[in-house]
Amino acid sequence: MDQERRRIQWDVVVQPHQPWWRVDFGELFHFRDLLWLLVRRDLLAVYKQTVLGPLWQVLQPLLTSLMFAVIFGLMARMSVQGIPPMLFYLAAVVPWTFFANIINRTSQTLVWNAALMSKVYFPRLVAPIATTLSTMVSFFIQLASFLLIALIYRLSGAYAWTMDATVLMLPVLIILMTVLAFGIGILVAALTTKFRDLGFLLTFGIQLLMYMSPVIFPLSMVPPGSKLRWVIEFNPMTSIIEGFRSVLLGLPMDWGLLLYTTAFAMVSLMAGLAVFQRVQRSFADVI
Amino acid sequence: MENTIIKVEDVRKRYRLGVIDRTLIADEVSAMMARLRGRKDPRMALGGPVEHQRMGDYFWSLRGVSFNVAQGEVLGLVGRNGAGKSTLLKLLSRITLPTVGRISMRGKVSSLLEVGTGFHPELTGLENIYLNGAIMGMRRQEIDRKLDEIVAFSGIEHHIGTPIKRYSSGMKVRLGFAVAAHLDPEILIVDEVLAVGDAEFQRKCLGSMRTVADSGRTIIFVSHSMVSVQSLCNRAIWLDKGLIRQDGATGQVIRDYLTEYSAQTHEQEWSEDEAPGTDEVGLLSVKAISEREDGAFWISDKIKIEIEVLNRTITNDDLNVRLQVRTNNDVLAFVSDMVETIGHASWSLGRSKITCVIPADLLNDGGYRIGVAFLHQGRHWYTMEDAITIEVQEGARTGTWFHKWQGALRPKVDWTR
């Protein structure tokens, strides 16, 4: 039998234990048209029945930032490091929204596409990747809206907004954040198929994570060496939020913390892939 | 085998019984620890063939299935519900993985377990062709190339720009099969998709499957319609309780399968103490009696139904017995009352036998569930819905139509011209 197996080149082998690290990239690439169609479907579906359509992409972070500016800036009088509150909050809300959306949406992909996945085979990773890409589209629209608003501040003379060479770090930050969120997203996606409660916990978890990160306050406000500082620095999104502020508002960058986040993102991606690959084989039986 | 294209080796599949999503983390962890230490998963049956389908909280849907399929073979899978046919199809189409064993395949595999999966209601027919094709692994250029053919095959050219949500289910089926029929896979796996759609379209689907088969591709086909299996497949596998019962030429396998199927269910008996019914009257037996030696029922046969009744108290003529015939899809084919045919007659106490004959050339091929009801002074007293089931076979095939005829019945209708 072994001899026969050597002679025949099998294209598809279905067996119980498929190693998690063997992500079939060739197959993923073959399904790139599906990926693109799913991205398009995501984008079309979200705004199909709304009046303002894609404008919501821009309005959402703007309104959130405005709310933060009023509550935390005006009422609680938190430090904004001398930057107009609107810009200060928007520079953090835009990446945070991206991070939170990726996790929220990718974690739903298996459940949302359950009907499809129990009837037809395609590489399951296509679904969360498509969701991530479509979320990325909204992110870039929002990033552009930030730049536009910052430009308005500068042109009207309200604030001398500039960006320096650290802008080159922007793609790195975006990739890092995407990897981190994607890893956590597929991990949660895989786990929610077995433990449905996780879906509910996730909403609170992400909210908690936001308060544990410098979205509504600058990191410099938290005294170094304090227990709170330690907790906040433990959050891998802290360095990314701070990084975005540095790049977008021309503030100094904390490189050490960024290194920690890089390691964290790698681990989350590995863990996510491992669990996702493990669950996807029995997934159709569970839903 | 030189040209083996599918190789199934000792495939077993276990499902959990009951509520599945209430997994215990402890259970998962202990299974993982066992694996890490190189031992067997404690939840798995230890070595050897699994003796029973049910083991604790688990159910073995497949219990060790092995077979090879050569290129160009058209293989039909038959078996009763729960025999493991659907599980095997799911494994072959990679929707789920086996618990034990291995399946190896050569070439592009595509499966059609449900027509039109992945259609998006908001998108137009045209957009859905691309989406559906992409889900099944087709490249964009490939779809571009075959678009005209696909649209023509579906026969809905005029509605191709309309969102799918405005389509009738028949139109969706047409479109779904049109995409699937143009996939050009080396291996095509088809579940009972032909059961939907009108006769003309079914003929088209079956025809296109035959074209696929004739071009040297391999097909695995599941159907409850023995006629379809017989007319399409050159080999059949009979699955029974998760094991291969018989593997061979289609005609022989189907004959044996039908014979056993009818023998198992075409009669039922109860003792006097257990006779189901009311205090006044009970059912002792219901039997369908075949005219043939092998016990089969052909469309061209009369089917005699024998009902034995235990009468405990009734001495007048108020009791009526009713025969109910339903198809396997739960369509009531007809009912027939004893008193409507032979009139009222007074009953004597004790056992008595009633016989009725379903005329030849009335039932269609396929399964029927026969029920018996007692009526007293025109009111329902007791009904046994599925006392027995019978499987009616085509028998000798005449005419030009090679698929199951539509309809709950298939009476011989006199035509003149």
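The values are calculated or read from the model by the stated rules, or taken from the named source; none is laboratory data. Keep in mind that this is a model prediction, so the values were computed, not measured. Please note: Cβ atoms are built from the backbone with ideal geometry, for glycine as well, and neighbour counts cover all protein chains shown. Protein only, heavy atoms only, side chains kept; ligands, DNA and RNA dropped before computing areas. Shrake-Rupley method; radii C 1.70, N 1.55, O 1.52, S 1.80 Å.
Which helices, counted as full DSSP H runs in chain A, have an axial Cα extent of no less than 15 Å and a Kyte-Doolittle average of 0.5 or above?
Span-like helices, by this rule, are A:32-47, A:55-68, A:85-112, A:126-155, A:170-194, A:197-211, A:236-249, A:255-280.
Assign one of three labels to the stretch B:64-214, namely rounded, prolate or oblate, based on the Cα gyration tensor with a ≥ b ≥ c the square roots of its eigenvalues; rounded applies when a/c is under 1.5, prolate when it is not and a/b is larger than b/c, and oblate otherwise.
Prolate, because a/c is 1.5 or more and a/b exceeds b/c.
Of all accessible surface on the stretch A:193-241 at a 1.4 Å probe, what whole percent is carbon and sulfur?
Of the solvent-accessible surface of the stretch A:193-241, carbon and sulfur hold 75 percent.
Given Cβ point charges of +1 (Lys, Arg) and -1 (Asp, Glu) and nothing else, what value in debye, to the nearest 20, does the dipole of the stretch B:269-393 about its Cα centre take?
240
Before I look further, what does the stretch B:316-398 give for accessible area per residue, probe 1.4 Å, in whole square angstrom?
Here the residues of the stretch B:316-398 average 48 Å² of exposed surface.
On average, how much accessible surface per residue is there in chain A, in Å², for a 1.4 Å probe, leaving out ligands, DNA and RNA?
Averaged over the residues of chain A, the accessible area is 48 Å².
Could you report the accessible area of A:Met270 in Å², rounded to 10, computed with a 1.4 Å probe on the protein chains as they sit in the structure?
Taking all protein chains as shown, A:Met270 has close to 90 Å².
Is the shape of the protein assembly as shown rounded, prolate or oblate, going by the alpha carbon gyration tensor and its root eigenvalues a ≥ b ≥ c, with a/c under 1.5 for rounded and a/b larger than b/c for prolate?
prolate
Just by accessible area at a 1.4 angstrom probe, what is the order of B:Asp337, B:Asp10, A:Asp197 from largest to smallest?
A:Asp197, B:Asp10, B:Asp337
Measuring from centroid to centroid over Cα atoms, what is the spacing of the stretch B:239-315 and the stretch A:174-251 in Å?
A separation of 67 Å, based on Cα centres.
Kindly identify residues of the stretch A:242-287 having a loss of at least 20 Å² in accessible area between the isolated chain and the assembly of all protein chains, probe radius 1.4 Å.
Buried by 20 Å² or more upon assembly, which counts only protein chains, are A:Arg278, A:Arg281, A:Ala284, A:Asp285, A:Val286.
What distance in nm lies between label points placed 7 Å from Cα along the C-beta direction at A:Ala114 and A:Arg77?
That separation, rounded to one decimal, is 5.2 nm.
Which percent of the accessible heavy-atom area of the stretch B:269-393 goes to carbon and sulfur, probe 1.4 angstrom?
44
Quick check: with the 1.4 Å probe, what order do A:Thr192, B:Thr259 take by accessible area, largest first?
Working: A:Thr192 10, B:Thr259 45 Å².
From most accessible down to least: B:Thr259, A:Thr192.
Provide, in order from the shortest bin, the percent of all Cα-Cα pairs of the stretch A:84-173 in each 10 Å bin, continuing until the bin that contains the maximum pair distance.
Calculated over all Cα pairs of the stretch A:84-173, the distribution is 14, 36, 24, 15, 8, 2 percent.
With n ≥ 4 as the cut-off for DSSP H runs, can you work out [θ] at 222 nm for chain A, using -39500 (n - 2.57) per run divided by the number of residues, rounded to the nearest 500?
Helices in chain A give a 222 nm mean residue ellipticity of -22500 deg cm²/dmol.
Within the stretch A:43-145, which trypsin sites (Lys or Arg not before Pro) sit in a loop by DSSP and count at most 11 neighbouring Cβ atoms inside 10 Å?
A:Lys48, A:Arg77
Mind checking which of B:Leu113, B:Gly378, A:Ile232 is farthest towards the positive end of the protein assembly as shown's charge dipole, using Cβ charges of +1 (Lys, Arg) and -1 (Asp, Glu) about the Cα centre?
A:Ile232
With solvent modelled as a 1.4 Å probe, how much accessible area in total do chains B and A shield from it at their shared surface, in Å² to the nearest 100?
4300
With a 1.4 Å probe and all protein chains in place, put B:Glu385, B:Glu127 in order of accessible area, largest first.
On the way: B:Glu385 85, B:Glu127 65 Å².
From most exposed to least exposed: B:Glu385, B:Glu127.
If eta is 1.567 mPa s and T is 4 °C, what Stokes-Einstein diffusion coefficient results for the stretch A:55-286, Kirkwood Rh from Cα pairs, in µm²/s?
D = 70 µm²/s.
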